[in-house]
Amino acid sequence: MIVFNYEIDFSLNNEPQLENWIQDIVFNYGFSLGEINYIFCDDDYLHKLNLEFLKHDTLTDVISFDNTIGELISVDIFISIERIRDNAIDFKVTFAEELHRVMIHGVLHCLGFKDKTNEDKKIMTKKENESLLLLRS
């Protein structure tokens with residue numbers, strides 16, 4: 001099950017398409033879908049979580065709390081819409097592209113992909129790009 005939660009005045013206009021896309025990616029990697037909760041929020045909301053749970057006093061675009069057991073994906077993915085808007089401008093991409101990249105980034109972490117080293121970041125970006133192509137097709 002994929003659930004979209006809104007803590008701010010924002011909503012997706014294509015939830016069913018995004019649900020199918022995310023589910024297809026999970027299945028393509030041989031995993032099963034438990035529960036993926038997306039929580040769309042603002043910078044303040046996500047900053048508080050970052051301080052409380054990760055002890056990071058910084059703004060971020062996404063925080064994932066991975067509860068995956070074996071190959072059953074379960075995760076809470078918090079996304080700051082403010083960061084997505086700013087990053088889209090900085091990276092010269094559309095808001096939708098940046099949002100979709102961050103949405104799938106959280107899922108890819110649950111599928112075993114990391115982004116701590118430069119090599120890991122290259123692989124993660126490649127997997128994000130491959131996933132984005134599936135959404136567009």
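Using mean Cβ contacts within 10 Å as the protection proxy, how do 59-68, 120-129 order, highest first?
Order by mean packing, descending: 59-68, 120-129.
Would you grab the residues whose amide H sits under 5 Å from the one on residue 39? Only those 5+ places off in sequence or on another chain, please, with H modelled 1.01 Å from N.
The answer is 5, 77, 78, 79.
So what's the back-of-envelope 222 nm ellipticity for the chain, counting only DSSP H runs of four-plus at -39500 (n - 2.57) apiece and dividing by all residues, rounded to 500?
The per-residue figure over the chain is -15500 deg cm²/dmol.
With the crude spin-label approximation of a point 7 Å out along Cα→Cβ, what separation in nm comes out for residue 129 versus residue 96?
Distance between the two pseudo-spin positions: 2.1 nm.
Sort 44-56, 4-16, 97-109 for me by packing, meaning the mean count of neighbouring Cβ atoms within 10 Å per residue, highest on top.
Sorting 44-56, 4-16, 97-109 by mean packing, highest first, produces 97-109, 44-56, 4-16.
With an 8 Å cut-off on Cα pairs and a minimum separation of 6 or more residues, tell me the relative contact order of the chain in percent.
Result for the chain is 22 percent.
Only four residue types carry charge here, +1 at the Cβ of Lys and Arg and -1 at the Cβ of Asp and Glu. Report the dipole size of the chain about the Cα centre in Debye, rounded to the nearest 20.
540
How many nm separate the modelled label positions at residue 60 and residue 43, each set 7 Å beyond the Cα in the direction of the Cβ?
1.7
Need the list of aspartates and glutamates near residue 55 for cross-linking: C-alpha distance under 20 angstrom, and skip anything on the same chain fewer than eight residues off.
Within the straight-line cut-off, residue 55 pairs with 42, 43, 44, 66, 76, 115.
FYI, it's all coordinate maths here, none of it is from the lab. What you are looking at is a predicted structure, and each value in this text was computed from that prediction instead of being measured. Quick reminder, even Gly has a Cβ in these numbers, built from the backbone with ideal geometry, and neighbours come from all protein chains shown.
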